[in-house]
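Report on one structure; see the data block that follows.
The values are calculated or read from the model by the stated rules, or taken from the named source; none is laboratory data. Small disclaimer: the values here were computed from a predicted structure and weren't measured. Virtual Cβ from ideal backbone geometry, glycine too; neighbours counted across all protein chains shown.
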Amino acid sequence: MRPADDHTIGKGFDASAKEEALKSESEQWDTSTPEDATADDIPVIDLEAYFTSGEESELDSVAEQLRTACEETGFYSIVGHQIKASDIAATFEQVRQFHDLPIEIKNALLMDRPDWPVGGMGYLPFKNRKLPARDTGNLNEAFIVKCDDKSGMDDNQWPDISTLPAFRVVVEHYALHMEQLGKRLLPIYARALGVDKNFFTKAFDEPLYRLRMTHYPAVDQANGFGISPHVDTSFCTILAQDSPGLTVFSERRKVWVNAPVVDGGFIVNTGELLKHWSNDRFLSTRHFANNNTSQKSRYSIPFFFNANPNYVMHCIPSCCSADNPAKYPPISYAQSQGVVQGE
């Protein structure tokens with residue numbers, strides 16, 4: 001690994017151009033005829049034996065399953081993750097209670113409002129055009145909590161305790177356990193990529209993460225997407241959902257498939273960060289979210305897990321060679337999003 005102050009770091013990468021390219025590409029995707037997923041489209045990986053024993057043989061087993069999933073599908077489900085079902089249920093209940101609040105209370109917590117010092121956290125209203133940025137509004141509303149090396153829970157916006165007494169406590173508890181789960185997955189990713197199991201430890205000493213608590217009201221899907229087709233910018237995304245609504249592109253079958261909800265499980269996908277870091281070895285798979293067309297809302301809670309925003313990522317050694325040179329410059333997550341280091 002070269003030092004972080006190498007003069008080549010970030011050179012040749014235009015974050016705005018990358019965003020526009022992804023946006024333009026997504027507008028060309030034909031999403032009109034999704035199919036129900038088959039058993040092989042989104043494999044299920046059971047982490048229980050490895051998380052319980054820590055044995056190298058168990059690590060090898062789950063790493064091989066993860067490698068196959070990330071190279072061939074970009075999506076997989078995990079069970080045996082040791083996040084309590086009661087904690088997941090409690091978080092969903094708080095999310096529902098938040099979105100049931102009067103719009104005036106939610107609007108007081110708007111993301112990126114001028115009088116809040118930290119961006120990227122707070123309330124995104126229905127038909128918002130952020131995350132992902134699209135010309136037409138996404139048919140959802142969301143509340144986002146963000147933490148990184150400079151911002152903690154106290155820097156986030158929160159509803160008043162008199163309005164939702166348990167909201168912050170429950171959400172913080174869930175976010176902490178999701179961060180811990182993300183870190184427990186890192187040795188599996190490392191082993192899957194053929195590097196030391198501690199390869200990612202330093203990069204995630206102070207990770208950037210976003211916890212998005214999303215409400216999809218029951219609407220006519222012909223009017224737009226719950227979340228428009230996109231790829232994630234994350235290292236990985238760990239998704240809890242209370243009902244079906246996620247549709248992903250099967251790279252193997254070249255069709256869109258409706259992802260099932262695995263009882264007690266999370267759906268995990270690779271993002272652009274790990275795709276670049278692995279020199280395109282691991283897929284960053286396109287996907288979108290739908291609203292229910294019945295009278296019932298649906299809710300999802302994706303956890304977007306990233307390295308420390310200023311950690312410079314050089315191509316993973318096992319993913320490049322003289323015959324397969326690095327396709328991307330050394331870059332940090334902050335630089336990849338168009339943010340200057342130190343801001």
Kindly list the number of the only condition in (1) in contact with a strand residue (DSSP E or B) (Cβ under 6 Å, 6 or more places away or on another chain); (2) free of Cβ contacts under 8 Å to residues at least 24 places away in the same chain; (3) part of a loop (DSSP other than H, G, I, E, B) that fails for Gln65. (3)
Scope segment 317-343; condition part of a loop (DSSP other than H, G, I, E, B), at pLDDT 90 or above and over 30 Å from Ser228 (Cβ atoms); matching residues: Cys320, Ser321, Ala322, Asp323, Asn324, Pro325, Ala326, Pro330
On the given criteria, is Ile188 in contact (Cβ under 8 Å) with a residue 24 or more places away in the chain and part of a helix (DSSP H, G or I)? yes
In segment 77-115, what count of residues is obtained for those that are among the β-branched types (Val, Ile, Thr) and assigned to a helix (DSSP H, G or I)? 5
Unique match (being touching a residue at least 40 places away in the same chain (Cβ under 8 Å), over 15 Å from the mean Cα position of the chain (by Cα) and under 30 Å from Thr31 (Cβ atoms)) among Phe199, Phe167, Phe249, Phe235: Phe249
Counting only residues that are modelled with pLDDT under 80, farther than 28 Å from Leu176 by Cβ and in contact with a Gly (Cβ under 7 Å, 6 or more places away or on another chain), how many does segment 116-136 have? 2
List every residue pair whose Cβ atoms lie under 9 Å apart, where the two residues are 6 or more positions apart in sequence or sit on different chains, the first residue falls within segment 307-324 and is farther than 16 Å from Asp149 by Cα and touching a residue at least 40 places away in the same chain (Cβ under 8 Å), and the second residue, located anywhere, is surrounded by fewer than 18 Cβ atoms within 10 Å (Cβ to Cβ) and among the small types (Gly, Ala, Ser). His314/Ala326; Ile316/Gly194; Pro317/Gly194; Ser318/Gly194; Cys319/Gly194; Cys319/Ala326; Cys320/Ala326
Residue hits (segment 283-337; β-branched (Val, Ile, Thr) and in contact with a helix residue (DSSP H, G or I) (Cβ under 9 Å, 6 or more places away or on another chain)) are Thr293, Ile301, Val312, Ile316, Ile331
Collect the residues in segment 76-86 that are exposed (fewer than 14 other Cβ atoms within 10 Å of the Cβ) and of a type outside the set (A, V, I, L, M, F, W, C), keeping them in residue-number order. Gln82, Lys84, Ser86
